[in-house]
Amino acid sequence: MQDSKRPSALHEFPVVVTLPIQWGELDAYGHVNNVVFLKWFESARALYGSRVGVDMTPNSSGYGAIVASVSCQYLRPLSYPGDVIVGVRVTRMSIGSVTLGFCIVDARTGVPAAEGNCDAVLYDHSNQRPCPIPNFIREAVEELEGKQFSD
């Protein structure tokens, strides 16, 4: 998404994805169900991971990420029809894990509807265990974010 069309709430997020609100995602009150927000976080996380060399395919032999925790603060309801724009960024990077920050924005209004965080541990699929973040992934994250992270 071009910066000129990016809502101001997402200017600090290097990766954004626009997703449609599906009618089947509504709850009994006509609002998007809580769990859908977490699915949108997951879609943005997968896009971010694919851009920095994290293997997002199951049964791979590369480096993947396993979610250790996720949180969401719901700011306002969303309804059908419409689109959301989801931003994701790395807010912390340690030896073997990252914290991702998310913001979900109503595409019609540019107003945030939810914010959240996710802690993810890097996982070596070949050895089937957590591992330190390889330099090529660390460098790709720092380049995408435009800043250095200390362990």
- [ ] Keeping all protein chains in place, calculate the accessible area per residue for the chain (probe 1.4 angstrom), answer in Å².
- [x] 55 Å²
TODO: Return the inverse of the average 1/r over all pairs of distinct C-alpha atoms in the range 1-130, which is the Kirkwood hydrodynamic radius, in Å to one decimal.
DONE: 15.4 Å
Task: Residue of ASN34, ASN117, ASN135 that the Gaussian network model of the chain assigns the largest fluctuation, springs spanning Cα pairs under 10 Å - done: ASN135
- [ ] Mind pulling the angle between the C-alpha long axis of helix 34-52 and the longest principal axis of the chain? Nearest 10 degrees, somewhere in 0 to 90.
- [x] 40 degrees
Task: Most fluctuating residue given options ASP27, ASP119, ASP83, as computed from a GNM of the chain linking Cα atoms under 10 Å - done: ASP27
Task: Rounded to the nearest 20 debye, dipole of the chain from Cβ charges on Lys, Arg, Asp, Glu - done: 120 debye
Task: Along the chain, longest interval not containing exposed chymotrypsin sites (Phe, Trp or Tyr not before Pro), exposed being DSSP loop plus at most 16 other Cβ atoms within 10 Å - done: 30-148
- [ ] Identify which of SER71, SER61, SER50 has the largest mean-square fluctuation in a Gaussian network model of the chain, with springs joining Cα atoms closer than 10 Å.
- [x] SER61
TODO: Evaluate the charge dipole of the range 37-114 about its Cα centre and quote only its size in Debye, nearest 20, assuming +1 on the Cβ of each Lys and Arg and -1 on the Cβ of each Asp and Glu.
DONE: 160 debye
Task: ³J(HN,Hα), Karplus 6.51/-1.76/1.60, whole Hz, each residue of the range 78-87, x for Gly, Pro - done: 10, 9, 8, x, x, 9, 10, 10, 10, x
- [ ] Return the carbon/sulfur percentage of the accessible area of the range 1-83, one whole number, probe 1.4 Å, all protein chains in place.
- [x] 50 percent
Open item on the list: Net charge within 13 Å of LYS39 by Cβ-Cβ distance, Lys/Arg positive one each and Asp/Glu negative one each, not counting LYS39 itself?
Closed with: -1
Task: Average Cα contact separation per residue, the chain, under 8 Å, 6 or more apart, as relative contact order % - done: 27 percent
- [ ] Grab the Cα-Cα distance for ASP124 and ILE95, subtract it from 0.36 nm times how many residues apart they are, and report the gain in nm with one decimal.
- [x] 9.1 nm
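The values are calculated or read from the model by the stated rules, or taken from the named source; none is laboratory data. In this text the structure is predicted, and so the values were computed from the model without any measurement. Here Cβ is always computed from backbone atoms with ideal geometry, including for glycine, and neighbour counts include all displayed protein chains. When the accessible area is computed, the model is the full protein with side chains, heavy atoms only, and any ligands, DNA or RNA have been set aside. Shrake-Rupley method; radii C 1.70, N 1.55, O 1.52, S 1.80 Å.
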